[in-house]
Structures are given as C-alpha cells and as structure tokens.
1. Taking the Cα centroid of the range 1-33 and of the range 166-186, what is the distance between the two, rounded to the nearest whole Å?
2. Would you calculate the convex hull of the Cα atoms in the range 1-159 and tell me its volume per residue in Å³?
3. Can you sort 21, 4 so the residue with the fewest Cβ neighbours within 10 Å comes first?
4. Using the per-residue mean of other Cβ atoms lying within 10 Å as a proxy for protection, in what order, highest first, do the peptides 174-180, 140-146 fall?
5. How do 173, 268, 250 rank when sorted from fewest to most other Cβ atoms within 10 Å of their own Cβ?
C-alpha cells in the first residue's frame with residue numbers, strides 16, 4: 001500500500017518531477033497544460049487504510065485484529081486494535097477540516113508534509129522508526145494473548161467475565177496506541193531538528209553539535225541550468241584597491257556595526 005513503483009520503469013522517486021530529493025507524490029496539474037501523472041498505489045490523499053487479520057486459533061476477542069493506518073499509507077503507522085475492544089481511543093479520530101494533534105491522522109499528515117521536503121533522506125528515518133513501532137505492537141499483542149488464552153488462571157477468569165476481558169483488551173490497545181502517537185510526534189520533532197534549513201544537524205553522544213550542508217545532486221543542478229546562473233558578485237571599489245587580508249580584517253571588525261557598516265568599512269580601508 002506504500003508502493004511508488006520503486007525498481008520499475010515507472011518509479012516515481014526517480015523522475016525530474018520528484019525534484020532533487022525524489023519526492024514521489026504528485027499533486028494536481030494545471031488547466032493550462034494538458035497531461036497526467038502516474039497514479040501510485042501509495043496515494044498521498046488517502047484518508048486511511050487498514051489490514052484485517054483473522055486468527056482462528058485464538059479466542060474471538062483477540063483473534064481478530066484491525067491494523068488501522070490514519071491518513072496516507074506511505075506516511076502512516078499501522079496500529080493494532082483487537083476485536084474484543086469495547087470502544088476505540090480518540091487518537092483514531094481526526095479529519096481534514098480541523099487540525100488536532102491528539103490524533104494519528106494529523107500526526108501522519110504533519111509527517112507527510114515534512115518528509116516531502118527531503119524525501120530520499122527522511123523516509124529511511126521514518127521507515128526505521130516504524131519498524132521499531134511495529135515490533136512493539138507485536139509484543140503488545142503477544143502480551144494480551146498470553147493473558148486471555150485458556151491455559152492460564154488469568155485467562156479463565158477473564159473468559160468467565162467477558163466484561164472484564166473487554167475492559168482489559170480496550171485498556172491495553174488504547175494505551176499502546178497513545179504511546180505510539182507520542183512516539184510519532186517525537187520523531188516529527190527529531191526530523192525537524194535533523195534536517196532544518198537544508199542542513200544535516202546532529203548531536204554526538206558526548207553532546208557536540210555538528211551541522212553539514214545538504215547539497216543538491218549534480219544531475220538536478222544540470223537539469224535546472226545551475227551552471228548558467230548569475231556570476232559572482234563583482235568586488236566593490238575599495239576591495240579592488242585593498243589587499244584581500246585588509247578587507248577581510250575590516251569586514252570582520254565592522255560586522256558588529258550594523259547601523260553604519262558601510263561607513264565603518266570605508267573608513268577602515270581608507271588609504272589602502
């Protein structure tokens with residue numbers, strides 16, 4: 001459901017339309033230009049998607065699982081909800097007309113908007129986090145299943161008291177969903193920091209901060225005629241006469257004089 005035809009002749013991450021970072025989502029075109037885009041399976045405007053899992057060897061309350069993904073599949077996290085739940089948590093709500101950070105729909109929508117800025121770099125980070133979250137979901141399901149199968153005393157008690165069983169399942173799944181929503185927003189903040197303003201920003205284990213420029217790929221620069229851009233800024237009159245070292249010293253000295261920077265530099269370089 002997240003497929004953009006990667007690895008085929010129709011790969012939407014490998015075309016000029018995807019920009020320098022291979023963003024595969026294609027928005028509407030223009031009435032002034034006739035044409036069309038490939039319709040991908042991982043469609044950005046999807047409201048939700050889900051996977052239904054039926055496990056006949058388990059009690060009905062836990063045998064049915066709905067893996068629900070709010071918003072578009074490429075950016076969503078599939079969260080498990082068991083058939084025996086009494087109700088669904090509020091995190092499953094959310095719709096286009098009102099932003100609500102307490103819902104998966106808007107967490108995933110925010111994530112999608114962010115990842116599109118540098119899809120080729122950010123998507124692996126998102127995929128890695130989602131793999132961790134999926135494993136956590138499997139562990140949660142295994143824990144619930146261990147408590148409701150007929151082999152344990154706890155199971156027998158719950159099976160005899162269906163209301164208690166439903167309450168336990170509802171609580172376990174809801175708490176897990178809320179924890180994943182918190183993780184999703186934490187990842188969003190982490191990616192905002194890591195890729196802010198065209199830089200790769202990192203903090204090492206010993207607390208040292210580093211920032212590396214994220215450069216455009218050469219093929220894209222050629223495609224947009226980067227080489228044909230405007231030339232370097234011509235030197236100012238006083239720079240033509242002054243030694244490079246003197247100009248550098250003066251500009252650094254006057255950088256704090258924002259109100260009269262030009263006058264400061266002119267006076268500093270006078271006579272050189």
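Throughout, read-outs are computed from the coordinates displayed, never taken from laboratory work. All figures in this text were calculated on a predicted structure; none of them were measured in a lab. Note that we place each Cβ from the backbone using ideal geometry, even for glycine, and neighbour counts take in every protein chain shown.
1. For the range 1-33 versus the range 166-186, the Cα centre distance is 34 Å.
2. Dividing the Cα hull volume of the range 1-159 by its residue count gives 145 Å³.
3. Neighbour counts put them in this order, fewest first: 21, 4.
4. 174-180, 140-146
5. 268, 250, 173
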